[in-house]
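Peer 1: Before I ask anything, let me first share the structure, which is written out below as structure tokens.
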Amino acid sequence: MLAIGSDHRGFALKTRLRQWLQRRWGDVCDLGAFSTAPVDYPDVAIPAAEVVRDHLVDGAILICGTGLGMAIAANKVPGVFAATVTDVATARAARRSNNAQILCLGAESVSFDLAAEIVEAWLTTEFQGGDSLRKLAKIRAAERRYAR
Ligand code: RB5
């Protein structure tokens, strides 16, 4: 199962994407926002990253105005790789090369149709392993070094 979340600026795109995901991929866990009332993106991104880290979901899609704040916040949770994506080729690379379990979208950067294509590409691409495993292990090692 996937999780999906947004702040107020991502709310409209999240609502459309959630409906599309439910038809196309089945159950989706909606972590809010549940209206256009202002919400700080870390208040959604960090709990979402925690459920991904804890393997309670298979991945998450996070949407704010730019997709940047969601990724910056989610990446503070050790073990999580979140990538902001604005095109289909980068969506494939985010999974194939970076094994990103969290896809971040900017509601003001992508249309609904492009967002759906990006999500589809991310969901249907597999991590390639190989040399990428070594590179991701170096990031995990850095997380451990900087942990208090
Ligand atoms: C919300 O004001 C805005 O900061 C947020 O949607 C996002 O674009 C941040 O990166």
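The values are calculated or read from the model by the stated rules, or taken from the named source; none is laboratory data. The model shown is predicted, which means the values in this text are computed figures rather than measured ones. Counting neighbours? That spans all protein chains shown, and the Cβs are built from the backbone with ideal geometry, glycine included. Only protein heavy atoms, including side chains, enter the accessible area calculation; ligands, DNA and RNA are left aside. Shrake-Rupley method; radii C 1.70, N 1.55, O 1.52, S 1.80 Å.
Peer 1: Could you give me the ³J(HN,Hα) list for the range 125-130, computed from phi with Karplus coefficients 6.51, -1.76, 1.60 and θ = phi - 60°, whole Hz, x at Gly and Pro?
Peer 2: 10, 10, 5, 7, x, x
Peer 1: Reachable lysines from Lys14, Cα under 28 Å, same-chain residues fewer than 8 places away excluded?
Peer 2: Within the straight-line limit of under 28 Å, Lys14 reaches these lysines: Lys76.
Peer 1: Also: Identify which of Cys104, Cys64, Cys29 has the largest mean-square fluctuation in a Gaussian network model of the chain, with springs joining Cα atoms closer than 10 Å.
Peer 2: Cys29
Peer 1: Can you compute the helix-only [θ] at 222 nm over the chain? Use -39500 (n - 2.57) per DSSP H run of at least 4 residues, normalise by all residues, nearest 500 deg cm²/dmol.
Peer 2: The helix contribution divided over the chain gives -15000 deg cm²/dmol.
Peer 1: Over the chain, with the other protein chains present, what is the accessible area per residue in square angstrom, probe 1.4 angstrom?
Peer 2: That works out to 52 Å² per residue.
Peer 1: Using θ = phi - 60° and the Karplus form 6.51 cos²θ - 1.76 cosθ + 1.60, what ³J(HN,Hα) does each residue of the range 31-48 get, whole Hz, x for Gly and Pro?
Peer 2: Values per residue, Gly and Pro as x: 9, x, 5, 10, 6, 8, 5, x, 9, 6, 4, x, 5, 9, 5, 6, x, 5 Hz.
Peer 1: Select from Leu123, Leu62, Leu133 the residue whose mean-square fluctuation is largest in a Gaussian network model of the chain (Cα-Cα springs shorter than 10 Å).
Peer 2: Leu133
Peer 1: Where the centre of each part is set by its Cα atoms, how far does the range 1-49 sit from the range 79-97, in angstrom?
Peer 2: One Cα centre to the other: 18 Å.
Peer 1: Of Gly130, Gly32, Gly67, which is the most mobile in a GNM of the chain whose springs link Cα atoms less than 10 angstrom apart?
Peer 2: Result for the chain, Cα springs under 10 Å: Gly130 fluctuates most.
Peer 1: Along Cα→Cβ, 7 Å out, is where each label goes; now give me the distance between the ones at Trp25 and Tyr146 in nm to one decimal.
Peer 2: Roughly 2.7 nm, to one decimal.
Peer 1: Nothing charged except the Cβ atoms of Lys and Arg (+1) and of Asp and Glu (-1): what's the magnitude of the dipole of the chain about its Cα centre? Round to the nearest 20 debye.
Peer 2: 560
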